[in-house]
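Q: To start, I am sharing the structure in question, which I have written as structure tokens.
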Amino acid sequence: MATTIRGHMMSFIDKNKKIIHTLLTSVRLKPTQRKEEEEEEEDDDDPSSSSSSSSSANHKDDDKQQNQDRNQSQENKGSAAMASPTEQQGSRWRDLDKLLARPGNLVGSNFEPSPQLKQDLQEYAKVLVVGAGGLGCELLKDLALMGFRQIEVIDMDTIEVSNLNRQFLFRLQDVGKPKAEVAAMRVMERVSGVNIVPHFCRIEDKDLDFYSQFNIIALGLDSIEARSYINGVVCSFLEYDADDNALEASIKPMVDGGTEGFKGHARVILPGLTPCFECTIWLFPPQVKYPLCTLAETPRTAAHCIEYAHLIKWGEVHSGKPFDPDDPEHMQWVYAEAVKRAELFGITGVTYSLTQGVVKNIIPAIASTNAIVSAACALEALKIATACSQTMSNYLTYNGQEGLHTKVTEFVKDNDCLVCGPGVLIELDSSVTLQEFIELIGEHPKLLLSKPSVTYRGENLYMQAPPVLEEMTRSNLQKPLYDLMHKLSYGIIHANGMTRANEITTSCLKKIRISFKVIADGVTDMDTAGGA
């Protein structure tokens, strides 16, 4: 019995040795050599090989023919894939073609399904992406893959090491380079046919003509101030008719996204039709500010200690030397001083990463949240450009903190909004002075403003107070308002003054649309004279 078992084990070991030897040999040899050696081994091991040679030859011929057929099929597939870029492109745009070439029940009112729509999207739709950070990188990628080919991106920041965990277009060797330039380069490397123009500058450095050339503006920003500025720019293109209805040709759509940790939002802003950013500014929580007395005398949190080192201690030690949040040595110094401050008051939790977050007001970001919000924004941009579906109405919130929760809320436009609202339309002669205009708005039934201060595009035309500003702007009172508005036939004036209603006097800010009615006649006369 034992002899039988031992014999079976030895036979099993010998077979395994052969298998292992064959596998090792097949790894080291080329396929043709491997096949020849396998055939030789089969001949050596099989004692009946001579008697069954004709049968083995037939099987080998069949196997050889099958291998040739299989290799030929693979070669055909490879050559077909290499020789048909048109088919690959067709497969790439398959879903987009279905979306744009077929009718549906949820399409926009002016949607006309056509294969030409995709080509028009690629050739004529121009999109500006504002911000090339975590959300901006995702937006550039999504828009390029959706078929938008004329894209520009603007961002004033350079790449930092802390960006690399979520801003997937950047690499370690890119640290210190402009975000906009690197992001544009990386997307163009991966998506054929797209053209992305980067702008490494502040959004304020571009004039209105720059922003007016785009069909859609997509925001990937992390600050309220930057959003407010772009919102004001977009709404400045808005024009109303005599019935205070927004003119469709003057509406420049904007898609805004934002993320914070596991939370995010995506919204569609159609100035004059949906709420603008200022209409719903109350949605954003107030910025965290710490009283200096708390920082200096009774700190209670790690953030208090960090802000003490940043706002107070730095100035005491480095008098006159500005603090640079992007300088690692400056940040390390603040961190060390914050640790000392925390130990003095028995406070824990001061870390270098927290120091960076507090000093630079870094909003926590998670890559998956950026991807989800960006996808929603890019989809809305596609809807706006093609009308292939009705746009969102009009504010989507996402929360992935516990499970998954999304909700779309339709906010209502504020008709009295000083940014996107129609305001009060007044037609003036080009010779009316600023003094006469101020008197006019004091008597206008919809305004009744007394002692107003007047501004135009952020420029003080006349200020009632303080006395220094009043004296500086007093000389403008006798100048034509047309000249003060840079001789434009149409513009928006903001007047801040006192108004009286129901026996109550209150301070208010009014938006006034100025139209110089004589300008058209003047242009006509000049054209006529020139023609004569």
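The values are calculated or read from the model by the stated rules, or taken from the named source; none is laboratory data. Please read these numbers as outputs of a predicted model, since none were measured by experiment. We place every Cβ from the backbone using ideal geometry, glycine too, and count neighbours over all the protein chains shown. The protein model used for the area step is the full one, side chains on, heavy atoms only, and it has no ligands, DNA or RNA in it. Shrake-Rupley method; radii C 1.70, N 1.55, O 1.52, S 1.80 Å.
Q: What is the spin-label model distance, in nm, from Asp157 to Cys201 if the labels are put 7 Å beyond Cα along the C-beta direction?
A: 2.1
Q: At a 1.4 Å probe radius, carbon and sulfur cover how many percent of the accessible area of the range 217-321?
A: With neighbouring chains kept in place, the figure for the range 217-321 is 54 percent.
Q: Per residue, what accessible area does the range 385-432 have, given a 1.4 Å probe and all protein chains present, in Å²? Walk me through the numbers before you get to the answer.
A: Numbers: 2650 Å² over 48 residues.
Averaged over the residues of the range 385-432, the accessible area is 55 Å².
Q: Here's a follow-up. Once a ≥ b ≥ c are taken as the square roots of the eigenvalues of the Cα gyration tensor of the range 410-489, is the result rounded (a/c under 1.5), prolate (a/b larger than b/c) or oblate (a/b not larger than b/c)?
A: Numbers: a/c = 1.76, a/b = 1.51, b/c = 1.17.
Prolate, because a/c is 1.5 or more and a/b exceeds b/c.
Q: How many nm is it between the label spots at Leu145 and His318, if each spot is 7 Å from the Cα in line with the beta carbon?
A: Roughly 4.2 nm, to one decimal.
Q: Let me ask something else about it. For Thr301 and Glu436, compute 0.36 nm times the residue count separating them, minus their Cα-Cα distance, and round to one decimal in nm.
A: Working: separation 135, 0.36 × 135 = 48.60 nm, distance 5.65 nm.
Extra length from Thr301 to Glu436 when fully extended: 43.0 nm.
Q: Report, in listed order, any pair from Lys383/Lys407; Lys98/Lys126; Lys451/Lys479; Lys179/Lys383; Lys206/Lys321; Lys340/Lys360 with a Cα-Cα distance greater than 26 Å.
A: Details: Lys383/Lys407 19 Å; Lys98/Lys126 22 Å; Lys451/Lys479 18 Å; Lys179/Lys383 28 Å; Lys206/Lys321 30 Å; Lys340/Lys360 20 Å.
Over 26 Å Cα-Cα: Lys179/Lys383; Lys206/Lys321.
Q: What residues from the range 403-428 fall in the zone where the backbone N is under 19 Å from a label point 7 Å along the Cα-to-C-beta line of Leu106?
A: Residues passing the 19 Å test: 405-411.
Q: What FRET efficiency comes out for Cys508 versus Ser393 if R0 is 45 angstrom and r is the Cβ-Cβ distance? Round to the nearest 0.05.
A: Details: r = 31 Å, r/R0 = 0.68.
Between Cys508 and Ser393 the formula returns 0.90.
Q: Provide, for q = 0.10, 0.17, 0.20 Å⁻¹, the log10 of I(q)/I(0) from a solvent-free Debye sum over equal Cα point scatterers in the range 100-259.
A: Scattering profile of the range 100-259, log10 relative to I(0): -0.41, -1.06, -1.30.
Q: I would also like to ask the following. Which whole-angstrom value gives the distance between the alpha carbon centres of the range 367-396 and the range 206-266?
A: So the two Cα centres are separated by 15 Å.
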